[in-house]
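> The structure's right below; bear with me while I get my questions together.
Read-outs throughout are calculated quantities, based only on the coordinates presented, and are distinct from any laboratory measurement. The structure presented is a predicted model; accordingly, all values stated were derived computationally and were not measured. Every residue, glycine as well, gets a Cβ built from its backbone with ideal geometry; the counts of neighbours run over all protein chains shown.
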Ligand SMILES: [Zn+2]
């Protein structure tokens, strides 16, 4: 059991023992750093619970076959998670080394994404799917055209087309994965209670710490009286952010960090590459077109320029804020120049290359990350706090405008920057802008046709 999990022998031994003895608790909490194998272990646990035989790694029973494609009807997987990194790595893998293993890896990475849009989770909330609905359908249709059993050492042109098409859809769909909203928890509860006789169902929630209060409370209610045919596996890399009452109802399984050597082993065994990386996360992120690192560089330039132009003094901004202002002072690039850079690197946020369709949300995330870091170092600068508070609201609005109302991302980004500028000037020089208009209204106004 758990032969495929690398570097987590202790936790796997515990789980295997509990499965054999039938003493697995109703709720499990897998806690450990990002990319330490929590999800793979959770998925393997789900397979072992459904298997009709003895759970061998290569078991040929129909349940195991369905689990291998992550398409088992007794499995529900959701929660916040960025998947485009893994899908980019998987695409590279299948092209570099076409074989059954790489085909399964690619299909599994797509399935992790499409699981988030499982109709069972969206019952009576389908209208919230927005532009995701068509993308899921198109991605799944392309995935169905990839058959691991027939993959030879060279991909045929039909398979190449299917891989490219599924990949493009996945990159656009990735940023639309929601955190676990309360309606999903409610739908999940109904699903869990309907477990067919003699079947064992598994619910896996990734980043279970990232839930709104209403969703956490719904989760708690479910854990208070878990149906005995269902196992709940919660995954977190930030255990301290979990609700204490949830923690007290789940048995803890600690995953240890993977060092460079173990990471290299994973790359070698799973992805058949000798490439070395500082960590698995770094390896995955480097494969993404418009990576989070790239997005962050641009976000830092932009925010530095805004602070610099508005005349913010370096004092009171902390070391990080000072470095951003220095960066802007040394650069001859003006705001328009930076926005042109953003547009070129993201191909107009995917308008000129569909593979970059997820770049707008990644760009918004990078802006949030930069603001958060600024705040952490600003030692309670109240004006900065107010500005960042307003800007964060604008970023959230822009994300909704984009995902739910299909607004043009280039237009939204220009509007955002103009509003940031306005807030930054206004707060720095009170009274400077007598005609100050609320920019939040401008973005909300964009919603109206
Ligand atoms: Zn089996």
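> Need the C-alpha centroid separation for the range 173-209 versus the range 1-64, integer Å.
About 19 Å separates the Cα centre of the range 173-209 from the one of the range 1-64.
> Once you compute Rg and the Kirkwood Rh from C-alpha atoms, what is the Rg to Rh ratio for the range 275-330?
1.16
> For the chain, find the longest principal axis of its Cα atoms and tell me its angle to the long axis of helix 409-428, 0 to 90°, nearest 10.
It is inclined by approximately 50 degrees.
> If you don't mind, another one. How many percent of DSSP beta bridges within the chain run antiparallel, rounded to 5?
Approximately 0 percent, going by the DSSP bridge assignments.
> Taking all pairs of different Cα atoms in the chain, averaging 1/r and flipping that mean, what Kirkwood radius in angstroms comes out?
On the way: mean 1/r = 0.0421 Å⁻¹.
By the Kirkwood definition, the hydrodynamic radius is 23.7 Å.
> Mind jotting down the distance between the C-alpha centroids of the range 339-376 and the range 104-169, whole Å?
Rounded to whole Å, the Cα centres lie 24 Å apart.
> When only C-alpha pairs under 8 Å and at least 6 residues apart count, what is the relative contact order of the range 9-285, in percent?
31
> I want to verify a result. In a Gaussian network model of the chain, Cα cutoff 10 Å, which of these has the top mean-square fluctuation: 359, 138, 331?
Evaluated over the chain, the most mobile residue of the options is 331.
> Compute the acute angle (0 to 90°) between the alpha-carbon long axis of helix 132-144 and the principal axis of greatest extent of the alpha-carbon atoms of the chain; round to the nearest 10°.
40
> Something else about it: Using only Cα atoms, find the angle between the long axis of helix 260-271 and the longest principal axis of the chain, and express it within 0 to 90 degrees, rounded to the nearest 10.
That works out to roughly 60 degrees.
> Then there's this: Given q = 0.09, 0.12, 0.18, 0.20 Å⁻¹, what are the Debye log10 I(q)/I(0) values for the range 292-445, with equal point scatterers placed on the Cα positions and solvent ignored?
Relative scattering, expressed as log10 I(q)/I(0), comes to -0.27, -0.48, -1.10, -1.34.
> Mind sorting 184, 242, 66 by how few other Cβ atoms lie within 10 Å of their own Cβ, fewest first?
66, 242, 184
> Could you list 117, 349 so that the one with the fewest beta carbons within 10 Å of its beta carbon is first and the one with the most is last? Let's see the in-between values first.
On the way: 117 21, 349 25.
Result, fewest neighbours first: 117, 349.
> Going by how many other Cβ atoms sit within 10 Å of their own, how do 427, 384 line up, fewest first?
On the way: 427 20, 384 24.
Starting with the residue having the fewest Cβ neighbours, the order is 427, 384.
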